[in-house]
Amino acid sequence: MEDKSNENLKMKAAVYRKYGPPEVLKIEEVEKPTPKDNEVLIRIFATPVGYGDIIARNFRNISPRKFPMGFLLWFITRIAFGIRRPRNKILGAEFAGEIETVGKDVKLFKKGDQVFGYLGPSMRANAEYRCMSEKGTITLKPTNITFEETAGVPYGTIMALSLVRKANVQSGQKILINGASGGIGSYAVQFAKYFGAEVTGVCSTAKLEFVKSLGADKVIDYTKEDFTNSNFAVLHTPVTSAPKYLANCTAYEPIPPEAPLIRIFATPVGYGDIIARNFRNISPRKFPMGFLLWFITRIAFGIRRPRNKILGAEFAGEIETVGKDVKLFKKGDQVFGYLGPSMRANAEYRCMSEKGTITLKPTNITFEETAGVPYGTIMALSLVRKANVQSGQKILINGASGGIGSYAVQFAKYFGAEVTGVCSTAKLEFVKSLGADKVI
């Protein structure tokens, strides 16, 4: 008798083992995934072929000029996807299907739930089954549309909603959306209308009626009218009839509103400043985050000479001027914040978006004391949240006296954990003063 004991452990998938045209895709039998305790196993009924799938399948032939997001991201993506052959051999970032099995810790879904979702660059939806975390980008499928209709929804809606939120679209505002008939732009039109904006959509002649049907108040045919000249000319002027924001859904980013101008009173010299200032002498072995990030950082910072000639990632200061669209801050507000790799805080003034990492300075500490806070707190809180620290847990923090560790001790205690800190002899009392229950 034929042994069928392993039959249920296999599934069919569209596999590609080399870059090239659609013919490189072959239907093969591969291992069926098994869900972890916090994962669901989805039987996939529909998955679209998206722009990302086409790029990934043929990436060896996609030059930096053909890539829509610039050389640096092309280089990173090339390494991530595989230089000679694909690392991930199953494409498909969007899906719709039904949950077949749930892990023992899953609480949000149950067997039989019809779902749809987005997998991002991890892909692997072009298969009969796919596991993913219940906390991933997955939700219940509406009952009034098919699996095929649902599967093409996630990426476009996620990107469109992100753009509309980033532009802070509000009722009565005028917004122009380029690429309004595309997979992102078509949803951006609908979201902007939902938020009450007056929407002008830009598309080709063939799509004019489609964009109107989405609710656009006005549609411009870019093949007959050069919308860029007039709209870009008035974008930063107080002409009230011009669109307040212009979301370019072919370039995946909105043109942001004007930013506040900050007069900087204090900025610390951080580890990142020291690395950046002397990066030409920092070898991959000395870089704390591995060769790949060293290489990317070297290109971003500049190979022969620094691209960004002003250092300083953290600051504290006072807002001197605000742009006309700024709502969160006013002139005279004392603030502090974090600029990340864009830096340029080692100066008298710095502009940044009101939606950046900036907040009001506490009144009971000085500018000098405040300026050194942002990076350490951001990193520490991120680590504590990632570890899902909860009340009563025992947690050990190595480097507890450092710029990140010292805040991690305090955050972990705030969440109710029992904290053991690790540091040098000279810092024992300091770490105890932070609230550590035990210090090694």
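Collect the residues in the range 100-127 that are closer than 23 Å to Phe81 by Cβ and not in a strand (DSSP E or B), keeping them in residue-number order.
Across the range 100-127, the qualifying residues are Leu119, Gly120, Pro121, Ser122, Met123, Arg124, Ala125, Asn126.
State whether one or more residues within the range 120-134 are at pLDDT 90 or above, of a type in the set (Gly, Ala, Ser), surrounded by fewer than 16 Cβ atoms within 10 Å (Cβ to Cβ) and at negative phi.
Yes: the range 120-134 contains one or more residues that are at pLDDT 90 or above, of a type in the set (Gly, Ala, Ser), surrounded by fewer than 16 Cβ atoms within 10 Å (Cβ to Cβ) and at negative phi.
Cβ-Cβ under 6 Å, sequence separation 6+ or interchain: first residue in the range 201-213 and in the same structural domain as Gln190 (by TED's automatic domain parsing) and basic (Lys, Arg), partner outside any helix (DSSP H, G or I) and surrounded by 16 or more Cβ atoms within 10 Å (Cβ to Cβ). Which pairs?
Lys207/Ser181; Lys212/Val219
Identify, please: which residue in the range 63-92 is part of a helix (DSSP H, G or I) and within 26 Å of Met11 (Cα to Cα) and is, among those, modelled with the highest pLDDT?
Filtering the range 63-92 for residues that are part of a helix (DSSP H, G or I) and within 26 Å of Met11 (Cα to Cα), the one modelled with the highest pLDDT comes out as Phe81.
Hey, does the range 167-181 have a residue that's in a helix (DSSP H, G or I) and in contact (Cβ under 8 Å) with a residue 12 or more places away in the chain?
No, there is no match, as no residue in the range 167-181 is in a helix (DSSP H, G or I) and in contact (Cβ under 8 Å) with a residue 12 or more places away in the chain.
Which residues, taken from the range 205-227, are at pLDDT below 90 and either within 24 Å of the chain's Cα centre (by Cα) or in a loop (DSSP other than H, G, I, E, B) (or both)?
Residues satisfying the conditions are Tyr222, Thr223, Lys224, Glu225, Asp226.
Can you say whether Phe71 is in the same structural domain as Lys107 (by TED's automatic domain parsing), of a type in the set (Phe, Trp, Tyr) and loosely packed, with under 14 Cβ neighbours inside 10 Å, as far as the supplied structure shows?
yes
Determine, yes or no, whether Ile55 is at pLDDT 95 or above, under 26 Å from the mean Cα position of the chain (by Cα) and either acidic (Asp, Glu) or not in a loop (DSSP other than H, G, I, E, B) (or both).
Against the criterion (at pLDDT 95 or above, under 26 Å from the mean Cα position of the chain (by Cα) and either acidic (Asp, Glu) or not in a loop (DSSP other than H, G, I, E, B) (or both)), Ile55 does not qualify.
For the range 47-66, which residues satisfy the criterion of being without any contact (Cβ under 8 Å) to a residue 24 or more places away in the chain and over 23 Å from Gly152 (Cβ atoms)?
Hits for the range 47-66 are Ser63, Pro64, Arg65, Lys66.
Check whether at least one residue in the range 315-327 is among the hydroxyl-bearing types (Ser, Thr, Tyr), farther than 28 Å from Arg277 by Cα and either at pLDDT 85 or above or crowded, with 18+ Cβ neighbours inside 10 Å (or both), and report yes or no.
yes
In the range 361-384, what count of residues is obtained for those that are of a type in the set (Gly, Ala, Ser) and outside any helix (DSSP H, G or I)?
1
Among the candidates Thr366, Thr321, which residue alone is closer than 22 Å to Ser406 by Cβ and not assigned by TED's automatic domain parsing to the domain that holds Asn168?
On inspection, the qualifying residue turns out to be Thr366.
Just the residues that are over 15 Å from Gly120 (Cα atoms), not in a loop (DSSP other than H, G, I, E, B) and not hydrophobic (A, V, I, L, M, F, W, C), please, taken from the range 146-161.
Glu148, Glu149, Thr150
The values are calculated or read from the model by the stated rules, or taken from the named source; none is laboratory data. The structure displayed is predicted, hence computed values, not measured ones. Every residue, glycine among them, receives a Cβ derived from its backbone with ideal geometry; neighbour counts consider all protein chains shown.
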